[in-house]
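K.L.:
The structure under discussion is supplied below as structure tokens; questions concerning it will follow.
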Amino acid sequence: MTASRRPLLFTLALFAVFATLPAVFALTGWTGGMGLATRILIYATAVVALDLIIGYGAMVSFGHAMFFGVGGYAVAVVAHHTGLGEMPFGGSNAALVVWPIAIVVCGLLGFVVGWLALKTSGVQFIMITLAFAQMVFFLLVSVQSWGGDDGMMIDRRNTLPFVDIGRPTTFYYVCLAVLVMWFAFCRMLVNSRFGLVLQALRQSERRAVNLGIAPLSFRLATFVTSAMGTGLAGVLWANYARFVSPDMAAWTKSGEFMAMVVLGGLGTLVGPIVGAAAFVGLEEVLSTWTQHWMIVMGPLLVIVALYRRRGLVGSFLGGDRAH
Amino acid sequence: MRTEPTAPPALRIEHLRKTFGALRATDDVSLTIERGELHAIIGPNGAGKSTLITQICGELRPDSGHIHLDGADVTGLPAYQRARLGLGRSFQITQLCGDFTVLENVLLSLEAKGGGSFDVFRDPRRNRFEIDVAMEWLGTVGLGDFAERRASALSHGERRQLEIAVALARDPRVLLLDEPMAGMGAEESARLAHLLADLKGRYSILLVEHDMDAVFALADRISVLVYGRVVFTGTAAEVRENPEVKAAYLGDWEC
């Protein structure tokens, strides 16, 4: 109620900056900027989802890239089989058909993985999510009709009514709109009646159980929600790159997501967006100097983890509350 | 405040047993808490008081025996279902949500009463009705001015008071208080004793407490637990006079 307005203002300012970026790129003539900014928005969507379960639910998923990959593959696979005329009802290239399918598939996968993983906690939870992600990865590698190791090309982006997301600027704004809506939903969720219970389970499961809470259903619902959000990011990525490959679901990708969350500020929702921007931006800058850009990124992550426990923006946002 | 004898007792424990290896932590314990009764359990350290509490609230399964809440057998039910049926408790070592404000801790209690909500749209911090209920209980336990303070910033005594508010806000049918005065200062203890005296008769309370002055002043009946066994149950006066109890250990406590 009297919670600081700072996080909200910071978030609005951040989104305002994102909204003006295309104009900045147009003025400065930086052609690579658009792609970079789009990638940041897509990763930001994924890591906000990851922060939901790690920062608010204390469920450390080390396999979240599987949902990113499956979301992306759903787009590619539907496009592939629609092109071959093998889809029921003639298939579709409409985003309003394909994207919900992809999200539902990720939700179902999230349900199975979450249900099994939540039978454990701590390190075992991490291992089970990682194991499932590896299974998805090797499944994608081995299905030759979906390109195997090489992945799949996508001929053209999905279509939305009224807007042409084939244009980079339009697509950028669609990604921004998705991020804003997803962020707003997550923020509402953590502050809701549901979120109160979820956060109570993180702080004192014993207390919550003795008040009448059955932990599994709340955690599983959050895990599935997070899986769907990450899947949505995968959908956007497939449309952005018009290419999917098993690397989208690799465990290194899960690690990158986690690094972005920690870099930006665990349990803040807005922090991970900054984390994604910092990570992707630094990767872009550093990789022009050397392909071993992790030599610089690694120590940076160590420094942030050691000296800014609440991430790049956590302490700036004020309060000790996860908000 | 005893009700008509036909009504089942608020809590009835029958022949409860729990062993850990060779240790009989709970050895054929039977006791009842009538409606509106304040029933205290006393006993030296290691008597099995905490083990008994954890079995009543469902965190620990007894080896044998039965637990009835308001006449219904809850022995096989998990802790969260017993909580929903109206079993409220405070913890010996406070279990609070440290990142939440004091008010949010009590709101959680109200929200969790029905098992928690999957409503992702409404903010419980804007629920006028629940806030009013929560604030009233915070006022009752003496935390009215601290509603917006983070629970982790409270003093030890204040955390204990919050424990009580969290347990009471949901209007429990049976209230288990596990050493609510442990580690409290004299002034805080006195205030809590006053509060318990106030609640007495309106709630069915099982009180585990080391503060003998409080127990003898408050309890309708007292059960004495020694090595997992109830050696005597009676009123304060009866317990004081009982030679068996005296011999067992009351002398040590200079009562």
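K.L.:
Under 8 Å between Cβ atoms, which residue pairs at least 6 apart in sequence (or on different chains) link something in the range A:198-209 that is more than 7 Å from every other protein chain (Cβ to nearest Cβ) and free of Cβ contacts under 8 Å to residues at least 12 places away in the same chain with a partner that is surrounded by fewer than 24 Cβ atoms within 10 Å (Cβ to Cβ) and part of a helix (DSSP H, G or I)?
P.N.:
A:Glu205/A:Pro215
K.L.:
Further question on the same structure: Looking only at strands (runs of 3 or more DSSP E) that lie completely in the range B:36-109, which have at least 3 residues being more than 10 Å from chain A (Cβ to nearest Cβ) and in contact (Cβ under 8 Å) with a residue 24 or more places away in the chain? Working first, answer last.
P.N.:
Values: elements: B:38-42, B:64-69, B:87-90.
Filter on the range B:36-109 gives B:38-42, B:64-69.
K.L.:
Starting from residues that are among the hydrophobic types (A, V, I, L, M, F, W, C) and within 20 Å of the chain's Cα centre (by Cα), keep the ones in the range B:1-26 and report whichever is modelled with the lowest pLDDT.
P.N.:
B:Met1
Results for (1) farther than 18 Å from A:Glu256 by Cβ; (2) over 20 Å from the mean Cα position of the chain (by Cα); (3) modelled with pLDDT of 95 or more, shown as yes or no for each residue.
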| site | (1), (2), (3) |
| --- | --- |
| A:Phe67 | no, no, yes |
| A:Ala76 | yes, no, yes |
| A:Ala79 | yes, yes, no |
| A:Gly90 | yes, yes, no |
| A:Gly107 | yes, no, yes |
| A:Leu140 | no, no, yes |
| A:Gln144 | yes, yes, no |
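K.L.:
When you go through (1) surrounded by fewer than 24 Cβ atoms within 10 Å (Cβ to Cβ); (2) out of contact with any Phe, Trp or Tyr (no Cβ under 9 Å at 6 or more places or on another chain); (3) of a type in the set (S, T, N, Q); (4) under 30 Å from A:Ala200 (Cα atoms) one by one for B:Thr51, which number turns out not to apply?
P.N.:
Every condition holds for B:Thr51 apart from (2).
K.L.:
Of the residues A:Leu312, A:Leu266, which single one is within 14 Å of chain B (Cβ to nearest Cβ), out of contact with any strand residue (DSSP E or B) (no Cβ under 7 Å at 6 or more places or on another chain) and either of a type in the set (Phe, Trp, Tyr) or within 28 Å of A:Met188 (Cα to Cα) (or both)?
P.N.:
Being within 14 Å of chain B (Cβ to nearest Cβ), out of contact with any strand residue (DSSP E or B) (no Cβ under 7 Å at 6 or more places or on another chain) and either of a type in the set (Phe, Trp, Tyr) or within 28 Å of A:Met188 (Cα to Cα) (or both) holds for just one of A:Leu312, A:Leu266, which is A:Leu266.
K.L.:
Determine which member of the set A:Gly107, A:Gly72 is under 28 Å from A:Gln203 (Cβ atoms) and either in a helix (DSSP H, G or I) or touching a residue at least 12 places away in the same chain (Cβ under 8 Å) (or both).
P.N.:
A:Gly107
Quick grid of which residues meet (1) surrounded by fewer than 21 Cβ atoms within 10 Å (Cβ to Cβ); (2) out of contact with any strand residue (DSSP E or B) (no Cβ under 8 Å at 6 or more places or on another chain):
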residue: B:Asp63; (1), (2): yes, no
residue: B:Leu69; (1), (2): no, no
residue: B:Thr75; (1), (2): yes, no
residue: B:Pro78; (1), (2): yes, yes
residue: B:Thr94; (1), (2): no, yes
residue: B:Phe100; (1), (2): no, no
residue: B:Lys113; (1), (2): yes, yes
residue: B:Phe121; (1), (2): yes, yes
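K.L.:
Moving on. Does A:Ile42 qualify as being assigned to a helix (DSSP H, G or I), of a type in the set (A, V, I, L, M), closer than 20 Å to A:Ala241 by Cα and more than 14 Å from chain B (Cβ to nearest Cβ)?
P.N.:
Against the criterion (assigned to a helix (DSSP H, G or I), of a type in the set (A, V, I, L, M), closer than 20 Å to A:Ala241 by Cα and more than 14 Å from chain B (Cβ to nearest Cβ)), A:Ile42 qualifies.
K.L.:
If you don't mind, there's one more thing I want to ask. Assuming B:Met184 fulfils every condition listed in (1) farther than 29 Å from A:Gly195 by Cβ; (2) not in a loop (DSSP other than H, G, I, E, B) apart from one, which condition is it?
P.N.:
(2)
K.L.:
When the residues of the range A:33-49 are filtered to those that are in contact (Cβ under 8 Å) with a residue 60 or more places away in the chain and more than 22 Å from A:Thr225 (Cβ to Cβ), which remaining residue is surrounded by the fewest Cβ atoms within 10 Å (Cβ to Cβ)? Talk me through it step by step, then tell me what you get.
P.N.:
Initially, the range A:33-49 is screened for residues in contact (Cβ under 8 Å) with a residue 60 or more places away in the chain, giving A:34-49.
Checking which are more than 22 Å from A:Thr225 (Cβ to Cβ) leaves us with A:34-40.
Details: A:Met34: 17, A:Gly35: 15, A:Leu36: 17, A:Ala37: 22, A:Thr38: 25, A:Arg39: 21, A:Ile40: 24.
Among them, the one singled out is A:Gly35.
K.L.:
If we scan the range B:127-139, do we find a residue that is surrounded by fewer than 17 Cβ atoms within 10 Å (Cβ to Cβ), of a type in the set (Gly, Ala, Ser) and not in a helix (DSSP H, G or I)?
P.N.:
Checked the range B:127-139: no residue is surrounded by fewer than 17 Cβ atoms within 10 Å (Cβ to Cβ), of a type in the set (Gly, Ala, Ser) and not in a helix (DSSP H, G or I).
K.L.:
Do you know which residues across the range A:160-173 are surrounded by 20 or more Cβ atoms within 10 Å (Cβ to Cβ) and either in a helix (DSSP H, G or I) or in contact with a Gly (Cβ under 9 Å, 6 or more places away or on another chain) (or both)? Working first, answer last.
P.N.:
Taking the range A:160-173 first, the residues surrounded by 20 or more Cβ atoms within 10 Å (Cβ to Cβ) are A:165, A:171-172.
Result: A:Phe171, A:Tyr172.
K.L.:
Residues being at pLDDT 90 or above and either hydrophobic (A, V, I, L, M, F, W, C) or assigned to a helix (DSSP H, G or I) (or both): count how many of those fall in the range B:200-231.
P.N.:
13
K.L.:
In addition: Between A:Val235, A:Val274, which is closer than 30 Å to A:Asp155 by Cα, among the β-branched types (Val, Ile, Thr) and buried (at least 22 other Cβ atoms within 10 Å of the Cβ)?
P.N.:
Going through A:Val235, A:Val274 in turn, the sole match is A:Val235.
K.L.:
Next question. Quick one: would you say B:Gly115 is modelled with pLDDT of 90 or more and either within 16 Å of A:Val197 (Cα to Cα) or out of contact with any Lys or Arg (no Cβ under 9 Å at 6 or more places or on another chain) (or both)? Let's see the steps before the verdict.
P.N.:
Numbers: modelled with pLDDT of 90 or more: yes; either within 16 Å of A:Val197 (Cα to Cα) or out of contact with any Lys or Arg (no Cβ under 9 Å at 6 or more places or on another chain) (or both): yes.
Against the criterion (modelled with pLDDT of 90 or more and either within 16 Å of A:Val197 (Cα to Cα) or out of contact with any Lys or Arg (no Cβ under 9 Å at 6 or more places or on another chain) (or both)), B:Gly115 qualifies.
K.L.:
Let me ask something additional. Among the candidates A:Val143, A:Val136, single out the residue that is exposed (fewer than 15 other Cβ atoms within 10 Å of the Cβ) and out of contact with any Asp or Glu (no Cβ under 7 Å at 6 or more places or on another chain). Step through it out loud before you land on a result.
P.N.:
Numbers: A:Val136 fails: exposed (fewer than 15 other Cβ atoms within 10 Å of the Cβ).
Just one listed residue meets the conditions, A:Val143.
K.L.:
Continuing with the same structure: Kindly indicate the residue of the range B:110-122 that is within 24 Å of B:Gly139 (Cβ to Cβ), facing chain A (nearest Cβ under 7 Å) and not small (Gly, Ala, Ser) and also farthest from the chain's Cα centre (by Cα) among those meeting that condition.
P.N.:
Of everything passing the filter in the range B:110-122, B:Glu111 is farthest from the chain's Cα centre (by Cα).
K.L.:
Checking the structure you have, find out if any residue of the range B:172-191 is among the β-branched types (Val, Ile, Thr) and in contact (Cβ under 8 Å) with a residue 60 or more places away in the chain.
P.N.:
There is at least one residue in the range B:172-191 that is among the β-branched types (Val, Ile, Thr) and in contact (Cβ under 8 Å) with a residue 60 or more places away in the chain.
K.L.:
Return the pair list, or none, for Cβ contacts closer than 6 Å from residues in the range B:130-156 that are closer than 10 Å to B:Val102 by Cβ and within 13 Å of another protein chain (Cβ to nearest Cβ) to residues that are β-branched (Val, Ile, Thr) and surrounded by fewer than 19 Cβ atoms within 10 Å (Cβ to Cβ), at least 6 apart or on different chains.
P.N.:
B:Glu148/A:Thr2
K.L.:
Of the residues that make up the range A:222-232, is at least one away from chain B (no Cβ under 14 Å), among the small types (Gly, Ala, Ser) and under 18 Å from the mean Cα position of the chain (by Cα)?
P.N.:
The answer is yes; a qualifying residue exists.
The values are calculated or read from the model by the stated rules, or taken from the named source; none is laboratory data. This is a predicted model, so every value here is computed, not measured. Don't worry about glycine lacking a Cβ; one is built from the backbone with ideal geometry, like all the others, and counts go over all protein chains shown.
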